[in-house]
Amino acid sequence: MLRVDNRTGEAPLLLPDLFVLGALLPLAYRIHAQFFPAGLPLSRYWLPLLVTLLAWLVSSRFLGVYQGGTRPLSAEITRALKALASTALSLLVLVFLVKYQEISRVVTVVYFGLAALALTVLRLGTRALRWAPREPRYYALVGTGQQVADILTETSSHPEWGLKLAGCIVEDGAEPDPDFVVLGRLSEIGRVLETHVLDEVVFAVPRERLASMEAAILTCEEEGVSVRIALDVLRMGPARMTLADLGGLPMLTLSRTPTDGLALAVKRVFDVLVSASALLLLSPLLVGVAVAIKAESSGPVFFRQRRVGLRGRLFDILKFRSMHVDAEARQAELLARNEMSGPVFKITNDPRVTRVGRFIRRTSIDELPQFLNVLLGEMSVVGPRPPIPAEVAQYQRWHRRRLSVRPGITCIWQISGRNQIDFDRWMELDLEYIDHWSLANDMRIFFKTIPAVLGARGAN
């Protein structure tokens, strides 16, 4: 993203900060006990700790510790330490006023010393994660002039944002800038989005020309591509609107995809834990299936197929091979028996499926290797199923928005009858999932998938 909104920045540190401030009390107490005679029991310190946490919340609020925006690391650490000093002063004043003299001064000094160190380390670690290598986010620029130059300057000076300019989209009638890669004309933006991997499109145009951009902006929204507008304007479609900044430049973000950075980070942690645990716990089953596949028919154990992932990124999905090796070559002769509407191909009693394949398909065991795709970050545990490129080529524009989130192993479609649902309803369910995404909804789908798989509901 071109700049984080006010829900990101240092805001995800609030819960870690509170956890650390709470966990440091027993540590400070133990350090004191190592060098001094035993004093008051630890239980007498819980009330002062509660006061400390409340004072931290107030101090950090007034000093803008969790305020979003771009700040140097030194400024982030300084604000946190000022808030901690204010918290310590508040505790000292309260202890003096109520004459609560039962807590040890040594424990207090050790506690706030450890807190200062921990808050500093947390911010150093957070900044290191921002600079860690990540998958680039590709964006296209629409516009000319100083605003475009300012955007390019800011993005190039902040590699930790992970932004990469894919090229420019030229307004109709304007001369292209020879210094930039031209992706196409504004009137061709639909084709540009279909043929290039683009995560965002940035419109940096004068206010008087913004009205002429409405069709292009709505096209981006329809396909689930985030829009950045370098002007203070009103929303132009149903996308969520977020105010942000790019090095001080006002930005209006229109997005119809999940944007909560903290929740998405938790989702990724969930993906890694679930996929790693599944592969470890089910390893005897995976080995047994592999042996059965090799024993029945010649060919590889795994079936690799090119799929379309996030924003059109291509990757190879992994499955246990459930068909004979010439299955894809024989699909053309079976097209007349297709039972699904739209560009999806599925038939009952497919003659290309092996005996082992029928069992692992009915029980969804053939999908288990996709946990490797999840570990690699190509898929998520919960998300719309990844289509093949040939299906995407037949999509209507509104279908393409399902590509705006990372694909998954299971989604609403899997718990709603799978092959018993027609194609358009399938697409509607995926878009409904995107529009109402939340961690709680992911958990609901995940746990509902288990009985759906065990009961082979809708499996073919």
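The values are calculated or read from the model by the stated rules, or taken from the named source; none is laboratory data. Just so it is clear, the model here is predicted, and its values are computed rather than measured. Positions of Cβ are backbone-derived with ideal geometry, glycine not excepted, and every protein chain shown enters the neighbour counts. With ligands, DNA and RNA removed, areas are computed over all heavy atoms of the protein, side chains included. Shrake-Rupley method; radii C 1.70, N 1.55, O 1.52, S 1.80 Å.
Structural remarks
- Check on Val353, in contact with a Lys or Arg (Cβ under 8 Å, 6 or more places away or on another chain) and more than 30 Å from Asp435 (Cα to Cα): yes
- Single residue of region 116-140 satisfying the filter (touching a Gly at 6+ places or on another chain (Cβ under 8 Å) and not small (Gly, Ala, Ser)) that is modelled with the highest pLDDT: Arg137
- Residues in region 367-388 that are open to solvent by 10 Å² or more (accessible area, probe 1.4 Å) and either among the β-branched types (Val, Ile, Thr) or closer than 21 Å to Ile421 by Cα (or both): Glu367, Arg385, Ile388.
- Just so you know, in region 389-418 the residues that are within 20 Å of Ala452 (Cα to Cα) and crowded, with 23+ Cβ neighbours inside 10 Å include one that is modelled with the lowest pLDDT, and it is Gln414.
- Only residues that are open to solvent by 30 Å² or more (accessible area, probe 1.4 Å), modelled with pLDDT of 70 or more and touching an Asp or Glu at 6+ places or on another chain (Cβ under 6 Å) were counted across region 319-345, and they come to 1.
- Qualifying residue in region 279-298 (condition: free of Cβ contacts under 8 Å to residues at least 12 places away in the same chain, within 27 Å of Leu163 (Cβ to Cβ) and either among the hydrophobic types (A, V, I, L, M, F, W, C) or open to solvent by 40 Å² or more (accessible area, probe 1.4 Å) (or both)): no
- Being closer than 30 Å to Glu154 by Cα, modelled with pLDDT of 70 or more and out of contact with any Lys or Arg (no Cβ under 9 Å at 6 or more places or on another chain) holds for only one residue in Pro72, Pro41, and it is Pro72.
- Close contacts from region 357-376, counting a first residue that is over 11 Å from Lys319 (Cβ atoms) and modelled with pLDDT under 90 and a second that is open to solvent by 40 Å² or more (accessible area, probe 1.4 Å) and of a type in the set (Val, Ile, Thr), with Cβ to Cβ under 9 Å and a gap of 6+ residues or different chains, come to Thr363/Val453.
- Those residues of region 165-181 which are farther than 17 Å from Ala149 by Cβ and either outside any loop (DSSP other than H, G, I, E, B) or touching a Cys at 6+ places or on another chain (Cβ under 9 Å) (or both), in sequence order: Ala166
- Taking each residue of region 139-161 that is more than 23 Å from Pro206 (Cα to Cα) and looking for partners that are of a type outside the set (Phe, Trp, Tyr) and open to solvent by 20 Å² or more (accessible area, probe 1.4 Å) with beta-carbon atoms closer than 7 Å, six or more apart or interchain, yields Glu160/Arg130.
Matching residues to (1) within 18 Å of Leu279 (Cβ to Cβ); (2) part of a loop (DSSP other than H, G, I, E, B):
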| residue | (1), (2) |
| --- | --- |
| Asp350 | no, yes |
| Ile360 | yes, no |
| Gly377 | yes, yes |
| Ala390 | no, no |
| Gln394 | no, yes |
| Leu431 | no, no |
| Ile450 | yes, no |
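- All of Asp316, Asp350 fail the test of being out of contact with any Pro (no Cβ under 7 Å at 6 or more places or on another chain), at pLDDT 95 or above and not aliphatic (A, V, I, L, M), apart from Asp316.
- Considering residues of region 75-104 that are assigned to a helix (DSSP H, G or I) and at pLDDT below 80 only, the residue most open to solvent (accessible area, probe 1.4 Å): Phe96
- The condition (being closer than 19 Å to Leu254 by Cα, open to solvent by 40 Å² or more (accessible area, probe 1.4 Å), at pLDDT below 90 and under 23 Å from the mean Cα position of the chain (by Cα)) is satisfied by just one residue among Arg240, Arg228, Arg235: Arg240.
- Considered as a group, the residues in region 190-210 that are among the β-branched types (Val, Ile, Thr) and touching a strand residue (DSSP E or B) at 6+ places or on another chain (Cβ under 6 Å) include one that is most open to solvent (accessible area, probe 1.4 Å), and that residue is Val197.
- Close pairs from region 206-218: first in contact (Cβ under 8 Å) with a residue 24 or more places away in the chain, partner open to solvent by 40 Å² or more (accessible area, probe 1.4 Å), Cβ under 7 Å, at least 6 apart: Ile217/Met236
- Taking each residue of region 171-187 that is touching a residue at least 24 places away in the same chain (Cβ under 8 Å) and looking for partners that are of a type in the set (Asp, Glu) and open to solvent by less than 70 Å² (accessible area, probe 1.4 Å) with beta-carbon atoms closer than 7 Å, six or more apart or interchain, yields Leu186/Glu171.
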